[in-house]
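Shown next, in structure tokens, is the structure this report addresses.
The values are calculated or read from the model by the stated rules, or taken from the named source; none is laboratory data. Since the model is a prediction, treat every value here as computed from it, not as a measurement. Every residue, glycine among them, receives a Cβ derived from its backbone with ideal geometry; neighbour counts consider all protein chains shown. For the accessible areas, the whole protein counts, side chains as well, though only heavy atoms, and no ligand, DNA or RNA atoms are used. Shrake-Rupley method; radii C 1.70, N 1.55, O 1.52, S 1.80 Å.
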Amino acid sequence: MNIEGFELRRVAMPLVSPFRTSFGTQTSRDILLIRAVTDAAEGWGECVTLPTPVYSPEYTDAAVDVLTRIFLPALGAARLSGAHEVAEVLHPFKGHRMAKAAVEMALLDAELRAEGRSFARELGAVHDRVPSGVSVGIMDEIPRLLDAVGAYLDEGYVRIKLKIEPGWDIDVVRAVRERFGDDVPLQVDANTAYTLRDAQHLARLDEFGLLLIEQPLEEEDMLGHADLARIVKTPICLDETITSAQSAAAAIRLGATSIINIKPGRVGGYLEARRIHDLAAAHGVPVWCGGMVESGIGRAANVALAALPGFTLPGDVSASDRFYRVDLTEPFVITDGYMSVPQGPGLGVTPIPEILDELTTSVEWVAV
Ligand code: NPG
């Protein structure tokens, strides 16, 4: 694999409506794309960092810096035989997993396009469509939330995830159950908003038959989650805490998680994501694919990952129009609650040039 260089492109994509979580409100997504140019083909990667370090320690300007000054030159100098060597070359550099994931994704896409193989096939997908779940943000009042949930159910989403925080939890879940019944697959996501002192409060969610409670406590509080899992009957699912196959193994062993949300960016790439899938499967732990409000580029790879056999719960893989009026690629749509897995070479999708140009805020070429 002969790398000629990388294009770093920033794209500003307005959201169709504000998306509020316990860590803040997003009204638009500033996406960093990487286009890897090799002598055999080009490939795209999407970096899932946010503008500020509120979800993880990473943020987009830091990703641009570490990629430009350290990761891309290191990869250029490494004479890679394939994208599977990216993680090894970048291993001496600590952290920055989302930046690592983005460049690995771009090189993997280039390699697979050159060889005519799809992400789905490369990762080991066994389905050609995956069930679509949707994540519903925190709102000012319950009636508005109920309208939003109703609209998503009408669109066919097969599972609802409610964002929660102290003051927007028990009553909200109760209202959704009362309006839509006990059969709707429902789960909640706290994004670290609680502490172990809230254990009895969180146990009040048990009566609602939720699929899981996602990341109630701080990222580093693995023991707290293990303690909480002994108090609360609803399964605990870790997101932020799981940053590698190693932390996944520890969380499973400790009983801190009985279901895992796999986000490729958070764990350093799709290849590490597959390792976590394999590990979880070996322990009988179900996994599902998380989302980070990706454009069609990141979404394409997520859908491929979600088609692996251990992804037995619906993921946050929603249609393009859940977040964007205009997507960078052909829009992803859901049909009867399912999304088709792209089958073309590499990601199977590319940005539409006119849309990409219109939404681009900056472009930088890094020769290596
Ligand atoms: O469907 O892409 C999606 C969004 C799903 O809620 C979602 N993502 O905490 O899981 C999360 C949350 C998130 C979004 C986290 C953006 C970080 C960035």
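Overview of results
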| quantity | calculated |
| --- | --- |
| Theoretical ellipticity at 222 nm over the chain - DSSP helices of four or more residues, -39500 (n - 2.57) apiece, nearest 500 | -10000 deg cm²/dmol |
| Charge tally in the Cβ shell below 10 Å around S244, where Lys, Arg are +1 and Asp, Glu are -1, S244 excluded | +2 |
| The stretch 121-340 - percent relative contact order, Cα under 8 Å, separation 6 or more | 23 percent |
| Principal axis box of the stretch 121-340, alpha-carbon based, largest edge first, Å | 45, 42, 26 |
| Cα pair distances in the chain, grouped into 20 Å bins until the bin that holds the longest one, percent each | 31, 59, 10 |
| F208, F23, ranked by accessible area, largest first (probe 1.4 Å) | F23, F208 |
| Crossing angle, helix 296-306 versus the chain [Cα axis fit, 0-90 degrees, rounded to tens] | 70 degrees |
| Rounded to the nearest 10 Å², the accessible area of V54 at probe 1.4 Å | 70 Å² |
| Relative contact order (%) - the stretch 37-97, alpha-carbon pairs under 8 angstrom, separation at least six | 21 percent |
| Rounded to the nearest 10 Å², the accessible area of D198 at probe 1.4 Å | 50 Å² |
| Folded to 0 to 90 degrees: helix 270-282 orientation relative to the chain principal axis, Cα | 40 degrees |
| Net charge of neighbours whose Cβ lies under 15 Å from the Cβ of S17, counting Lys and Arg as +1 and Asp and Glu as -1 | +1 |
| Rounded to the nearest 10 Å², the accessible area of Y59 at probe 1.4 Å | 90 Å² |
| C-alpha long axis of helix 142-155 to longest principal axis of the chain, angle in ° | 60 degrees |
| Over the chain, relative contact order from alpha-carbon pairs under 8 Å, at least 6 apart, % | 23 percent |
| The stretch 166-182 and the stretch 209-246: distance between their alpha carbon centers, rounded to Å | 21 Å |
| Potential lengthening between A281 and T25 on full extension [0.36 nm per residue; Cα-Cα distance subtracted] | 88.7 nm |
| Relative packing of 311-320, 247-256, which averages over residues the other C-beta atoms within 10 Å, highest first | 311-320, 247-256 |
| Gain upon complete extension [T312, S81; 0.36 nm per residue less C-alpha separation] | 79.8 nm |
| If the convex hull is drawn through the Cα atoms of the stretch 77-125, its volume per residue in Å³ | 85 Å³ |
| Calculated over the stretch 84-213: convex hull of Cα atoms, volume per residue (Å³) | 168 Å³ |
| Length gained when the stretch Q246-R121 is fully extended (0.36 nm per residue, less Cα-Cα span) | 42.5 nm |
| Heavy-atom accessible area order for K100, K94, largest first, 1.4 Å probe | K94, K100 |
| Sorted peptide list for 209-215, 177-183, criterion being average Cβ within 10 angstrom, highest first | 209-215, 177-183 |
| The stretch 32-108: C-alpha pair distances exceeding 15 Å, % | 51 percent |
| Label-reachable residues, the stretch 333-351, where backbone N falls under 20 Å from a point 7 Å from D321's Cα toward its Cβ | 333-342 |
| Centre separation in Å (Cα based) which lies between the stretch 33-49 and the stretch 348-368 | 10 Å |
